[in-house]
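Peer 1: Please read through the structure below; I'll follow up with questions.
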Amino acid sequence: MKKIIFVFLLIMVNAGCKDQKNNNEKIEKEMIHQVAKEKQITYSISATATIPVVIYFNDIKVSEENTPLNSSIDVNGYALKNGKYKIKIQIFPVFRRGDTTVSPEDIKSCQFSFGSFTRDRATGDILNPKTYSELSLKAPNAPVPYFEQEWEVEIKDLPYELEGWSKGQDLSKMDKKELEKRVVSFHEKVRDILDQGNGDKWGDMTKKRAQETAVFYYSNNEQHQTSVSENTANVAKYCKGMMVPLEDYELKLYAEGKLATLERKNHTMEFNNKSPLDIKGWGALIRKGQKSGAADYRILLYLPPNSNDFIIVRK
C-alpha cells in the first residue's frame with residue numbers, strides 16, 4: 001500500500017511540474033506574442049543638437065548620455081500603455097569648451113519632434129514614418145546656465161500594455177540614506193556578477209527586462225531567445241575583469257519615485273584612453289573597452305508591492 005501511495009504521489013508531483021512548465025511556456029508565449037506588422041508601431045523622439053542635451057520621457061531619462069544628439073530615440077520601453085505623456089528636454093553648456101552658459105542661438109539650433117514608425121525586422125528599414133508634433137523651443141533672449149522645456153504628447157496606437165514599474169512602491173517616501181544604501185548594495189552585487197563574467201546570473205537578474213523588451217520591440221520567440229543568448233555571451237566576453245570600481249555616483253529617482261538608479265555625477269575630459277569622453281550621467285556600472293573607451297550597464301530598479309527585493313526593469 002505504501003508503495004502504491006508513493007507512486008501516486010510521484011505521479012501527482014510530476015503532473016504538477018508538467019502543469020507548471022506548461023504554465024511557464026504559456027506565460028512566455030503570451031509575453032512575446034506577435035502582432036500584425038502594420039501594428040508594430042514604435043514611438044520616438046527625433047533629435048538634432050550640436051550641444052549637450054538630455055531627454056526625459058514619462059519622467060525617465062531616455063537619452064544615453066549628456067552629449068550632442070543626432071538620432072531618433074525609441075520610447076516604447078517607457079510608455080507602458082496608451083495615454084498622455086510628458087517630454088522634457090534639457091540643454092546644457094559645452095563642458096569640453098569650458099562654456100558656462102547656453103546662448104539663445106545654440107538653443108535655436110536644436111530641433112526635436114515626436115512621431116512614430118514601423119520597422120522591418122528583416123532589413124532594419126524604417127517604414128511609414130509619421131511626425132505628430134514639432135517640439136518647438138522657446139529660447140530666452142539672453143544666455144542661461146541651462147535650458148529646459150516640457151511638452152505633453154499622446155500615444156494612441158500601442159498594441160500592448162506592460163506592467164513595468166506601474167505597481168512599484170514610491171521610493172521617494174523612503175529614507176534617502178537608507179534607500180541609497182540599498183541601491184548601492186544592489187549595484188555592487190551586479191558589478192561583481194558582471195566582473196566575474198557570469199552571463200547566466202546576469203540573464204536571471206534581467207529576465208523581466210528582457211521579456212518586456214521583447215514585447216515592445218515586437219520580437220518573436222526565436223528573436224527573443226537569440227537576444228538573451230547574445231547578452232549572456234557578451235557578459236562573459238566583454239565584462240570579465242573589465243568593470244571599473246563603483247565610485248563617483250549619485251542616487252537618481254525617476255518615474256515619479258518608482259524607479260531608482262546610480263549615475264556618474266562628475267564630468268570627465270577623457271576616460272580609459274579616449275578623449276574627449278564625458279561619462280557624466282552614465283549608469284554607474286561601467287566596463288572599460290579592451291583598448292580605450294567604455295560602455296555602461298545602466299539598470300533601473302523598482303520594488304514590487306510588499307517586497308524588499310529590487311528588480312531590474314529597464315536600462
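Peer 1: Can you give me the number of residues within the stretch 91-113 that are part of a loop (DSSP other than H, G, I, E, B), under 22 Å from V62 (Cα atoms) and not hydrophobic (A, V, I, L, M, F, W, C)? Write out each step before concluding.
Peer 2: If we filter the stretch 91-113 for residues that are part of a loop (DSSP other than H, G, I, E, B), which is where we start, we get 92-94, 98-101, 103, 109-110.
Pick out the ones that are also under 22 Å from V62 (Cα atoms) and you get 92-94, 109-110.
Going one step further and asking which of them are not hydrophobic (A, V, I, L, M, F, W, C), we end up with 93, 109.
Counting residues in the stretch 91-113 that are part of a loop (DSSP other than H, G, I, E, B), under 22 Å from V62 (Cα atoms) and not hydrophobic (A, V, I, L, M, F, W, C) gives 2.
Peer 1: Open to solvent by 50 Å² or more (accessible area, probe 1.4 Å) and either in contact (Cβ under 8 Å) with a residue 60 or more places away in the chain or part of a helix (DSSP H, G or I) (or both): is that true of K88 in this structure? Steps first, please.
Peer 2: On the way: open to solvent by 50 Å² or more (accessible area, probe 1.4 Å): no; either in contact (Cβ under 8 Å) with a residue 60 or more places away in the chain or part of a helix (DSSP H, G or I) (or both): yes.
Judged against the criteria, K88 is not a match.
Peer 1: Looking at the stretch 49-70, which of the residues that are among the polar types (S, T, N, Q) and part of a strand (DSSP E or B) is most open to solvent (accessible area, probe 1.4 Å)?
Peer 2: Kept after step one, since they are among the polar types (S, T, N, Q), are these residues of the stretch 49-70: 50, 58, 63, 66-67, 70.
Okay, now just the ones that are also part of a strand (DSSP E or B), so 50, 67, 70.
On the way: T50: 106, T67: 34, N70: 129 Å².
Step by step, filter the stretch 49-70, then rank; the result is N70.
Peer 1: If you take the residues in the stretch 230-249 that are exposed (fewer than 13 other Cβ atoms within 10 Å of the Cβ) and either within 19 Å of the chain's Cα centre (by Cα) or basic (K, R) (or both), which one is farthest from G197 (Cα to Cα)?
Peer 2: Going through the qualifying residues, I end up with E230.
Peer 1: Follow-up question, since we're still on this one. Kindly indicate whether any position in the stretch 158-174 is without any contact (Cβ under 8 Å) to a residue 40 or more places away in the chain and either surrounded by 13 or more Cβ atoms within 10 Å (Cβ to Cβ) or within 21 Å of the chain's Cα centre (by Cα) (or both).
Peer 2: yes
Peer 1: Of these, G98, G77, G16, G83, which one is more than 22 Å from G283 (Cβ to Cβ), modelled with pLDDT of 95 or more and among the small types (G, A, S)? Let's see the steps before the verdict.
Peer 2: Working: G98 fails: modelled with pLDDT of 95 or more; G77 fails: more than 22 Å from G283 (Cβ to Cβ); G16 fails: modelled with pLDDT of 95 or more.
After applying the criteria, what remains is G83.
Peer 1: For the stretch 35-79, which residues satisfy the criterion of being more than 18 Å from the chain's Cα centre (by Cα) and of a type outside the set (A, V, I, L, M, F, W, C)?
Peer 2: Of everything in the stretch 35-79, those that are more than 18 Å from the chain's Cα centre (by Cα) and of a type outside the set (A, V, I, L, M, F, W, C) turn out to be K37, E38, K39, Q40, T48, T50, P52, P68, N70.
Peer 1: If you check S103, S113, which single one turns out to be surrounded by 12 or more Cβ atoms within 10 Å (Cβ to Cβ) and within 30 Å of S275 (Cα to Cα)? Don't jump to the end; show me each part of the working.
Peer 2: Details: S113 fails: within 30 Å of S275 (Cα to Cα).
Residue meeting the stated conditions: S103.
Peer 1: Go through S133, S185 for me and flag whichever is modelled with pLDDT of 95 or more and exposed (fewer than 12 other Cβ atoms within 10 Å of the Cβ).
Peer 2: On the way: S133 fails: exposed (fewer than 12 other Cβ atoms within 10 Å of the Cβ).
Among S133, S185, only S185 is modelled with pLDDT of 95 or more and exposed (fewer than 12 other Cβ atoms within 10 Å of the Cβ).
Peer 1: What are the pairs, 6+ residues apart or on separate chains, where a residue within the stretch 202-227 that is more than 17 Å from N76 (Cα to Cα) and in contact (Cβ under 8 Å) with a residue 60 or more places away in the chain has its Cβ under 8 Å from a residue that is polar (S, T, N, Q) and open to solvent by 50 Å² or more (accessible area, probe 1.4 Å)?
Peer 2: So the pair list comes out as T206/N231.
Peer 1: Still on this structure, please answer the following. Has the stretch 277-285 got any residue that is crowded, with 20+ Cβ neighbours inside 10 Å, part of a strand (DSSP E or B) and in contact with a Cys (Cβ under 7 Å, 6 or more places away or on another chain)? Walk me through it before giving the result.
Peer 2: Narrowing the stretch 277-285 to residues crowded, with 20+ Cβ neighbours inside 10 Å: 278-279, 281-285.
Now narrow it down to the ones that are part of a strand (DSSP E or B): 283.
Pick out the ones that are also in contact with a Cys (Cβ under 7 Å, 6 or more places away or on another chain) and you get none.
So far as the stretch 277-285 goes, no, none of its residues is crowded, with 20+ Cβ neighbours inside 10 Å, part of a strand (DSSP E or B) and in contact with a Cys (Cβ under 7 Å, 6 or more places away or on another chain).
Peer 1: Which number in (1) modelled with pLDDT of 95 or more; (2) out of contact with any Gly (no Cβ under 8 Å at 6 or more places or on another chain) marks the one condition that L259 misses?
Peer 2: Going through (1) modelled with pLDDT of 95 or more; (2) out of contact with any Gly (no Cβ under 8 Å at 6 or more places or on another chain) one by one, L259 breaks only (2).
The values are calculated or read from the model by the stated rules, or taken from the named source; none is laboratory data. Predicted, not measured: the structure shown is a model, and the values here were computed from it. Here the Cβ is made from the backbone with ideal geometry for all residues, glycine too, and neighbour counts use every protein chain on show. Surface areas here come from the heavy atoms of the whole protein model, side chains and all, with no ligands, DNA or RNA. Shrake-Rupley method; radii C 1.70, N 1.55, O 1.52, S 1.80 Å.
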